[in-house]
Amino acid sequence: MMNRLLSSLLVSCALVALAAPADAQVFRYPEDARPTSLLPFFAEDMSSVRMVELIFDSLVIVNKRGDLEGSLASSWTADPDNMGIRFVLREGVKWHDGRDFSADDVVFTIQAAQNPKTVFNAKSKFGFIKDASAEGQYGVHITFNRPINEPERRFLFKILPKHAFKKGTRISRKDRFGRKPIGTGPYKVQKFGARSVSLEVNPDYWAPARIGEVLMQHTPDKSAQVSLLQYSGKQAGVQAVIFLPPKNVPIFENSDQVTLEPYHTVSWWYMAYNHKSKGLNDPVVRDAIALAINREELLEAHLGRGDILGGPFTESSPFYNFEVEPREQDIQRANQMLDEAGYKKKGGVRRKGRTKLQFRFVMDKELASSQALLLGIEAQLKKIGIRVKAQYVDHARYREQVFNRQKYDLTLNVWSFEEVEDVYPLFHSKGVMNFINYNNSEVDNLLDTAKSTRDYKKYKEYMKQLHAVLNRDLPYYFLWSLDVYSGLSRQLKGTFIQPYYYFTSFEEWELSP
Amino acid sequence: MSRAARLAIAALRRAAGGLLLLVGATFVIYITIRSAPGDAIDAISPMGTPPDVKARLMAEFGLDRDPFTGYLAWLVRSLTGDFGESLVFSPGAPVMEVALPAFGRTLLLSASALVVCLILAVLASLLLGESSRRQQLLTGPLYVATAAPSFVVAVVFAQVVNWAVNVYLVQNDYVPPMWYPIPIYTESLMPYVFAGFALIAGDGLFMDFFNAVRAELTALRNAQFIAAVKAKGARTVGHIARNMFMPLLSGYAARLPIVLGGVVIVEYIFTLDGGGYLLLEASRERDFPVVVGISVLFTATIIGMNLLADIVRAVIDPREVAHGG
């Protein structure tokens, strides 16, 4: 009740924040979170990733057809041995402060990324580069540590202006540039406020954008975002909601003001078992828990549409193994399995020796529908004599407690991947994201073999095998991947939502009055 | 010792006490924030961030020191006006560059709400005069209605405004009305007016002021010295106003902490870009220098206001100093 009250009041408040004068050609959109940094190396949250796309350019981009296209580079040639690549840069490009873009900026970006004192999470993406050198004002030659197939695909990173970093290639998260960025992209930063960012069109861009201004407003409440989209027909609302909550999708299905467009992100939900927890290290218990949970029911009731998973790959993934049958709820079978394994019910909770099937279920408060999902799971597990103790914690604490200290038995979360699923860090016993303490030599061997192969067909086969093994052994209970839709105002024309990056082709978007 | 000297000593003593209180408060705030589970690194770094990267970030963010050493270093630096840099909210920006403008808006909102509330209370007291049974029928329900916390008032109020906006938008082809949804980025004052209303109508603020003013006014009107002034045929307004100033100022100073507390949530509700929003967001992101910085501003304002009230009271009423005030 309180939530509903707060939601509806936030609608009116967000309306105060986002509505604008009638004559301005402004594209307005709300974000769930504030962008933390507009310095591309540190743009790690999705809100920052999307905004950086409007301000900066990369050498190449993936176009609407999924093909690679030159952006700051006009052409390129890979070295015959695939140990390097030569880019010819677009001429006449200017930074937002009027300075000329040149090959030195590309070299600087690579050197800055590789400087050991520049600390950022995606640093490993630059690890393959051995050296970069400018060849005149508009030529760059980059060499690699090892042969790389289709090396141009690795140059999607944004280019920084050398002249804006007086202290050299050591770039800090705290650099003022993160708040006052200078890019070559279609938009310049007008104001980076505490809860809003406004951008104005860059008239010097080689393909100037058609919408004059962009305004992003931090609007944490989803229902406020949806209401603002309902006003999108005229000037009162927003023109896009990036992630439309699934339960709200039907509102706009036959709307004459809003269209629904899929926003493809490679992501899936999972319930993680801590394999160091007593009871959960037993595959029978993990299997019984999986059999007790009705994923379709939870998905439909709380999150909307999506696909039920049988492993760590979504159906659109090249690694999806169609022979793997996702489990279906079977309470009877789950009870029978636990009985056979010697877990006897006492006072409603199963025990075997000193092992009691009562688990601490830690939830991130910021996860969508976290309370409803956990209540549903709790009720279903109760039917097989497994109890959970719910603990809801805020985001920072969740990361510390679950990911760092691993003080949990069960948890629920989502993984998102940039392009295709890379599950090595999740399930290899030495994987840096293996916070579940999972250790299975068969899985380790498969992942190691797959990693060392250069034959993509073989790699795919290994991944498909992995899919089957993980479905059987259940390091996680793989839940679902959601159908994600953006809501766009019908005032917008020429729209295309780039998977993951969202605004890559935003300069082609138009906003009719 | 002259009265001025006694006054100065009392003021200095109060100021020293206030400063100590502030230092104590910053210690508690700093240690609490630093001891909270999860830190700024957890808030920003994705899962799988290598330990060496984390360690370097910890050092860069000054989180590699234990909270006590960290506090001492912070205290020494803050004495020179350097409150550190924001870690997550606006990475690298000096804390006060982030906190001061936001807090300024908050303070302006709170102070304006209090001033408006005071003016309304005085006007209402003058209009209604002395309390009577008939008036109690009116003020009784008003008491109950305004006893709700300010954020609850804000919720209800926002619902009403929301409904009005909906009706207006539908009837006017979705063109926003001039009287309401004017965005914060156009420097409009309307959202602040709405928030101010919630502050005045909530927490029993208006009725408290109203009752205090009316009681004071009634007492003064019936006071012997006023009767004497009247008997001489002089005007009483000046005398009444001067004698009302002190209790009103005390009430004002006493109320400010409550209003500043309420404003944190009310600001969030009305999406205002103030200290409340900053405090909540920075806490969520574990940006402890910003949290400490903005808390210092809140605490210093409250202590400063109380100090100011004491000094003014002492200037007006010599007995305050004579009693060691």
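The values are calculated or read from the model by the stated rules, or taken from the named source; none is laboratory data. None of the values given here were measured: they were computed from a predicted structure. Reconstructed Cβ throughout: ideal geometry from the backbone, glycine too, with neighbour counts over all protein chains shown.
Residues that are within 14 Å of another protein chain (Cβ to nearest Cβ), in contact (Cβ under 8 Å) with a residue 40 or more places away in the chain and among the hydroxyl-bearing types (Ser, Thr, Tyr): does the range A:102-110 have at least one? No, every residue in the range A:102-110 fails to be within 14 Å of another protein chain (Cβ to nearest Cβ), in contact (Cβ under 8 Å) with a residue 40 or more places away in the chain and among the hydroxyl-bearing types (Ser, Thr, Tyr).
Matching residues to (1) out of contact with any helix residue (DSSP H, G or I) (no Cβ under 8 Å at 6 or more places or on another chain); (2) away from chain B (no Cβ under 14 Å); (3) among the β-branched types (Val, Ile, Thr):
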| position | (1), (2), (3) |
| --- | --- |
| A:Val238 | no, no, yes |
| A:Phe252 | no, yes, no |
| A:Tyr263 | yes, yes, no |
| A:Trp268 | yes, yes, no |
| A:Asn281 | yes, yes, no |
| A:Ala288 | no, yes, no |
| A:Pro318 | no, yes, no |
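In the range A:160-210, which residues are within 17 Å of A:Val26 (Cβ to Cβ) and either over 25 Å from the mean Cα position of the chain (by Cα) or of a type in the set (A, V, I, L, M) (or both)? Matches in the range A:160-210: A:Val189, A:Gln190, A:Lys191, A:Val197, A:Leu199, A:Glu200, A:Val201, A:Asn202, A:Pro203, A:Pro208, A:Ala209, A:Arg210. The set of residues in the range B:270-317 being farther than 30 Å from B:Arg65 by Cβ and at the interface with chain A (Cβ under 10 Å from one of its Cβ atoms) consists of B:Phe270, B:Thr271, B:Leu272, B:Asp273, B:Gly274. Counting only helices (runs of 4 or more DSSP H) that sit wholly inside the range A:183-302, those with at least 2 residues that are in contact with a Ser or Thr (Cβ under 7 Å, 6 or more places away or on another chain) and either among the hydrophobic types (A, V, I, L, M, F, W, C) or at pLDDT below 95 (or both) are A:222-230.
Here's the yes/no breakdown for (1) assigned by TED's automatic domain parsing to the domain that holds A:Leu156; (2) surrounded by fewer than 16 Cβ atoms within 10 Å (Cβ to Cβ); (3) on the phi < 0 side of the Ramachandran plot:
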{"position": "A:Ser370", "(1), (2), (3)": "no, no, yes"}
{"position": "A:Leu373", "(1), (2), (3)": "no, no, yes"}
{"position": "A:Glu378", "(1), (2), (3)": "no, yes, yes"}
{"position": "A:His428", "(1), (2), (3)": "no, no, yes"}
{"position": "A:Met433", "(1), (2), (3)": "no, no, yes"}
{"position": "A:Asn437", "(1), (2), (3)": "no, yes, no"}
{"position": "A:Asp444", "(1), (2), (3)": "no, no, yes"}
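Among the residues of the range A:39-57, those identified as buried (at least 24 other Cβ atoms within 10 Å of the Cβ) and over 19 Å from A:Thr265 (Cα atoms) are A:Leu39, A:Pro40, A:Phe41, A:Phe42, A:Ile55, A:Phe56. Among the residues of the range A:118-151, just one is buried (at least 18 other Cβ atoms within 10 Å of the Cβ), out of contact with any Lys or Arg (no Cβ under 9 Å at 6 or more places or on another chain), at pLDDT below 95 and over 18 Å from A:Glu44 (Cα atoms), namely A:Pro151. May I ask you to list the residues in the range A:407-455 that are over 17 Å from A:His467 (Cβ atoms), in contact with a strand residue (DSSP E or B) (Cβ under 8 Å, 6 or more places away or on another chain), not in a strand (DSSP E or B) and not basic (Lys, Arg)? If the condition is that a residue be over 17 Å from A:His467 (Cβ atoms), in contact with a strand residue (DSSP E or B) (Cβ under 8 Å, 6 or more places away or on another chain), not in a strand (DSSP E or B) and not basic (Lys, Arg), then A:Tyr408, A:Asp409, A:Glu418, A:Glu419, A:Phe435, A:Ile436 are the ones that fit.
Within the range B:243-258, can one find any residue that is away from chain A (no Cβ under 14 Å) and more than 22 Å from B:Val315 (Cα to Cα)? Yes, the range B:243-258 has at least one match.
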